[in-house]
Amino acid sequence: MQWLEGFLPVVASLFIGVLGAIVFSFIHVPLPWLLGAIVAIAIASRFPKISLRSPKMFSAPARAVLGITIGSAFNPTILHYLEDFISSIVLILPFVLLTTFCGMLYYWKWLKFDKMTAYFSSMPGGLLEMVTLAEAMGANVYKVTMTQSVRLLCIVFTLPFIIQAISHVSLDGRVSITQPLLHSDPHDMVILIVCALLGWWGALKLKLPGGTMLGPMILGAFVYGSGMVHSRPPSEIIKLIQLILGTTVGFVFVGVKAKEIVKILGQTLGYFVILAMISALFVFVVTEMTEFPLVSILLAFSPGGQSEMNLIAIIVAANLPYVALHHIVRMFLVMSVAPVFVKYLRPKGDR
């Protein structure tokens, strides 16, 4: 029963995440199933006697379901807004370059990081991808991991409050996002499960960045667009995804001393302000250029984690295709651009 001993800490972690979600829901904090789980685990992990383990083995299935949910929003009406889509998406490249350039200057000149570490600390990409590239290129992996983690954490924590303030949409978790599980068509659910698995497998085979979400999203768009299915992933599953992602994020600072956490938070705050200013600039420009809702544009140009940003988009009923495509393009650009400039950051003798 060794597997059971290893799994019980995962169950304990999810249970603590649920407790955090209940507390946050009671005090009407936005996205309680996500933010409550993050805070609860961050607190519980400070007590060594509590046996906890990250439920990261469930992250990939959770992202696959998110992909299916995003795919459900793709329909022919997108063609009517194609020009606006393109004019907005082309701004992702200057957005990525500007955030990386300003962030690198901050970490390199102000905080005295070495160039390579400053570069990967400032790239607005996924945590796993940036850490993997940083390790391969000889950057300080610990610093990149911490700064990237805190960036994602700051965005996940502040964005729901901003959205709730500007949109006056309740994010307290009491409103059903999709249909309840009992009202879901079993036939549709079987098709969606198959699509999630096939899309996940296919994207991994093709080695697509963010494939666990992208593959299911493509198949989801097909089955919904063709009229094969009508039910979306149940509301209870969306809450479970929030719980899994929140609990996983809560493990960011496990093993890190409180003094070091405060130091990292202080260092990343400056970069977060830079990100906020650049994002605000691009949001303003796109708002003037297109007719997309402000919340959708804000989510599209928020350099957080792809899963978390799309999850928030689902919960606030934003324009899912618009938000998802922007983050997919951002991830592709980051993975494409990141290795290009590395050779210019190496010492001349190592190029």
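The values are calculated or read from the model by the stated rules, or taken from the named source; none is laboratory data. Treat the numbers as computed from the prediction; the structure is a model and nothing was measured. A quick note on method: Cβ atoms are made from the backbone with ideal geometry, for glycine too, and the neighbour counts reach across all protein chains shown. When the accessible area is computed, the model is the full protein with side chains, heavy atoms only, and any ligands, DNA or RNA have been set aside. Shrake-Rupley method; radii C 1.70, N 1.55, O 1.52, S 1.80 Å.
Could you work out the mean projected area of the convex hull around the alpha carbons of the range 210-331, in square nanometres to one decimal?
On the way: hull surface 37.7 nm².
Its Cα hull, projected and averaged over all orientations, spans 9.4 nm².
Each of the peptides 189-199, 245-255 was scored by the mean count of other Cβ atoms within 10 Å over its residues; in descending order, highest first, they stand as 245-255, 189-199. For the chain, the fraction of C-alpha pairs farther apart than 26 angstrom is 51 percent. Size descriptor for the range 34-173, Kirkwood hydrodynamic radius: 18.4 Å (Cα pairs only, one decimal). Hey, what's the Kirkwood Rh for the range 104-187 if you take every pair of different alpha carbons, in angstrom? 15.6 Å is the Kirkwood radius here. Heavy atoms of the protein chains alone define the surface here; on that basis the range 1-135 has 50 Å² accessible area per residue at 1.4 Å probe size. Taking the three principal axes of the alpha carbon atoms in the range 46-125, the coordinate ranges are 51, 41, 17 Å, sorted in descending order.
Take each of the peptides 328-340, 12-24, average the number of other beta-carbon atoms within 10 Å over its residues, and list them starting from the highest.
Result, highest mean first: 12-24, 328-340.
Relative to the globular-protein estimate of 2.2 N^0.38 Å, the Cα radius of gyration of the range 138-296 stands at 1.30. Compared with the direct C-alpha span, the chain from Leu269 to Trp110 gains 56.0 nm at full extension, assuming 0.36 nm per residue.
Taking only protein heavy atoms and a 1.4 Å probe, what accessible area per residue, in Å², does the range 208-307 have with all protein chains in place?
Working: 4180 Å² over 100 residues.
Counting only protein heavy atoms, the per-residue value for the range 208-307 is 42 Å².
Modelled label positions at Ser25 and Phe161, each set 7 Å beyond Cα in the direction of Cβ, lie 2.3 nm from each other.
Rounded to the nearest 500, the 222 nm mean residue ellipticity of the chain from helices alone is -22000 deg cm²/dmol, with -39,500 (n - 2.57) taken per DSSP H run of at least 4 residues. The modelled label-to-label distance between Leu198 and Ile86, using points 7 Å beyond Cα along the C-beta direction, is 3.1 nm. Reported value for the range 221-262: 99 Å³ per residue, from the convex hull of its C-alpha atoms. Leaving out ligands, DNA and RNA, what percent of the accessible area of the range 1-148 is carbon and sulfur, probe 1.4 Å? After summing per-atom areas, the C and S share lands at 72 percent.
Once the mean of 1/r is taken over each pair of separate Cα atoms and inverted, the range 1-109 shows a Kirkwood hydrodynamic radius of 18.1 Å. In this calculation the C-beta distance from Ala60 to Val141 is compared with R0 = 22 Å, giving a FRET efficiency of 0.50. The string of couplings for the range 76-91 from the Karplus curve (6.51, -1.76, 1.60, θ = phi - 60°) is x, 5, 4, 4, 5, 10, 4, 5, 5, 4, 5, 5, 7, 5, 5, 7 Hz, one whole number per residue in order, with x for Gly and Pro.
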